[in-house]
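Here the structure comes first, spelled out in structure tokens, and everything after it is commentary.
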Number of protein chains: 2
Amino acid sequence: MNPRAQRSDEPAAQPLRSDAERNRERIIAAARRVFAHDGLHASMASVAREAGVGIATIFRRFPTKEELVAAVFADRMDAYADAVAVALDDPDPWHGFVGYIETACAMQAADYGFADVLTTTFPTAKAMEDRRNEAYEGMVRLISRAKATGRLRADFDPSDLVLIHMANAGVVNATGEAAPDAWRRVVALMIQSLEAPARGTLPPSPAHDALYQAMLRNAPAGVAAPAPGKGG
Amino acid sequence: MNPRAQRSDEPAAQPLRSDAERNRERIIAAARRVFAHDGLHASMASVAREAGVGIATIFRRFPTKEELVAAVFADRMDAYADAVAVALDDPDPWHGFVGYIETACAMQAADYGFADVLTTTFPTAKAMEDRRNEAYEGMVRLISRAKATGRLRADFDPSDLVLIHMANAGVVNATGEAAPDAWRRVVALMIQSLEAPARGTLPPSPAHDALYQAMLRNAPAGVAAPAPGKGG
């Protein structure tokens, strides 16, 4: 596994002219600030305002919001996949599993945009989805190792991690800067609920396709570019 | 306790003319559908479209979004407070406590708007806040009874119910109709985590004021009426 092999969703192209490259970096930096503060539903117009460029400039560089999201969160997705690799290296699989959940939830708490990224799928952002899938495969190994030690309840399903991230995003988004550590308490409760022996049965996990559809529907409105010619 | 003593946030006024009353009911019914589908952040303009009236008509009847929200969810807040009363009547306090969490979370799942109402405070909607406070006082009794039986962990704090509702809203909003029962699994995990003996310590609860500030900041944008003369 080479975590940084595919860092960008851009095809290898001729080098951008330096002013174009500066524009691109400025847009990404502005989008990072706007998404971190307002989440993925922030509009392309507000990113344009923050960057001090016209909205047409943004759509020339990033024809879809998915592409912008992928560019902004490429390094976060790398860090997320790296956290799985770190957890797999832990000699205590349960400790690694718990540490991974805490790390990934802390990444959500640090960035409202990333909180949404972890519960959303972006089918056209191939490099980002590749990293997510790589992380997912690592998590499946992590889960089966933690179960093998007898510390993780046997009915834990990989999809439960997605549900935990959705729950954590709910707390993070609802408490925000007013109660910035509240999520830690909820995540601690959820982790304790995962410890074997289970204290009860659980309702079934959502079907794989259903959860995928849910992650698709979280894609922010306005993911596609507006009709050409609109905006400045 | 008389659960239905104060059902509306309207001051006692002269009876509305019947066409005005019909308009009011039509707006409330439309807002109920829009909020149920899109959550509280749905715009007053989309409520106006759904109701087939001009936005000025809505703001004449409901000068702030808070007043519209209070009118739409008055019956839900009644049902919510009633659920606490039912739980307090349960001869098994732990069973009553668990049943209450399941009922309240199911109410969130059934209505995206109400999912937000439970984690938001509306300072000017006095009757609604009175009902919430009444429910809160009942929950404090419910919690202390459940602790007295030794089934509920001793470090459970009433504010944890708010955090559970925020987490549940996160799952409900993220999964939606694609995986409409996924929240049940997360809520079951959280309930199992609450059973004594606790499997570990917890990070501290957010301060009361911090959580109140968080619930304030969830109030949807556009809670106040626009400047007079705007809209149709």
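The values are calculated or read from the model by the stated rules, or taken from the named source; none is laboratory data. Being a predicted model, the structure only gives us computed values, none of them experimental. All Cβ positions, even for glycine, are placed from backbone atoms using ideal geometry, and neighbour counts span all protein chains on display. For the accessible areas, the whole protein counts, side chains as well, though only heavy atoms, and no ligand, DNA or RNA atoms are used. Shrake-Rupley method; radii C 1.70, N 1.55, O 1.52, S 1.80 Å.
Here segment A:80-92 is the region considered, the condition is being part of a helix (DSSP H, G or I) and not hydrophobic (A, V, I, L, M, F, W, C), and the residue that is surrounded by the most Cβ atoms within 10 Å (Cβ to Cβ) is A:TYR80. Count of segment A:54-74 residues, restricted to those that are touching a Lys or Arg at 6+ places or on another chain (Cβ under 7 Å) and either open to solvent by less than 40 Å² (accessible area, probe 1.4 Å) or polar (S, T, N, Q) (or both), is 2.
State yes or no: is A:ALA30 touching a helix residue (DSSP H, G or I) at 6+ places or on another chain (Cβ under 6 Å), in a helix (DSSP H, G or I) and not hydroxyl-bearing (Ser, Thr, Tyr)? Yes. Being open to solvent by 30 Å² or more (accessible area, probe 1.4 Å) and either among the β-branched types (Val, Ile, Thr) or touching a residue at least 12 places away in the same chain (Cβ under 8 Å) (or both) is the filter here, so list the residues in segment A:93-104 that pass it. Residues satisfying the conditions are A:GLU102, A:THR103. Restricting B:MET77, B:MET166, B:MET107 to residues that are open to solvent by 10 Å² or more (accessible area, probe 1.4 Å) and in a helix (DSSP H, G or I) narrows the list to B:MET107. For segment B:10-36, a residue qualifies if it is at pLDDT below 85 and open to solvent by 50 Å² or more (accessible area, probe 1.4 Å), and the qualifying residues are B:GLU10, B:PRO11, B:ALA12, B:ALA13, B:GLN14, B:PRO15, B:LEU16, B:ARG17, B:SER18, B:ASP19. In a residue-by-residue description of segment B:151-164, the property of being modelled with pLDDT of 95 or more and touching a strand residue (DSSP E or B) at 6+ places or on another chain (Cβ under 6 Å) applies to no position.
Residues considered: B:THR124, B:THR149. Of these, the only one that is closer than 13 Å to B:LEU194 by Cβ and in contact with a helix residue (DSSP H, G or I) (Cβ under 6 Å, 6 or more places away or on another chain) is B:THR149. Residue by residue through segment A:33-70, note down the ones that are part of a loop (DSSP other than H, G, I, E, B) and of a type in the set (S, T, N, Q). The one that is part of a loop (DSSP other than H, G, I, E, B) and of a type in the set (S, T, N, Q): A:SER43.
Residue count for segment A:123-135 satisfying the condition of being modelled with pLDDT of 90 or more and under 18 Å from A:GLU102 (Cα atoms): 1.
Taking the conditions (1) part of a loop (DSSP other than H, G, I, E, B); (2) within 16 Å of the chain's Cα centre (by Cα); (3) surrounded by fewer than 20 Cβ atoms within 10 Å (Cβ to Cβ); (4) of a type in the set (Val, Ile, Thr) in turn, A:THR119 satisfies each one other than (3).
Total residues in segment A:143-153 satisfying the condition of being of a type outside the set (A, V, I, L, M, F, W, C) and either open to solvent by less than 30 Å² (accessible area, probe 1.4 Å) or in a loop (DSSP other than H, G, I, E, B) (or both): the figure is 4. If the condition is being in contact with a Gly (Cβ under 8 Å, 6 or more places away or on another chain) and surrounded by 19 or more Cβ atoms within 10 Å (Cβ to Cβ), then segment A:196-215 contributes only A:ALA214.
Any residue at all in segment B:125-142 that's within 14 Å of chain A (Cβ to nearest Cβ), open to solvent by 20 Å² or more (accessible area, probe 1.4 Å) and farther than 29 Å from B:PRO91 by Cα? No; the residues of segment B:125-142 include none that is within 14 Å of chain A (Cβ to nearest Cβ), open to solvent by 20 Å² or more (accessible area, probe 1.4 Å) and farther than 29 Å from B:PRO91 by Cα. Could you look through segment B:174-195, keep only residues that are open to solvent by 30 Å² or more (accessible area, probe 1.4 Å) and more than 7 Å from chain A (Cβ to nearest Cβ), and pick out the one that is farthest from A:LEU202 (Cα to Cα)? Restricting to residues being open to solvent by 30 Å² or more (accessible area, probe 1.4 Å) and more than 7 Å from chain A (Cβ to nearest Cβ), the top hit is B:GLU177.
Screening B:GLU134 on (1) among the charged types (D, E, K, R); (2) in a helix (DSSP H, G or I); (3) within 24 Å of A:GLY170 (Cβ to Cβ) shows it passes everything except condition (3).
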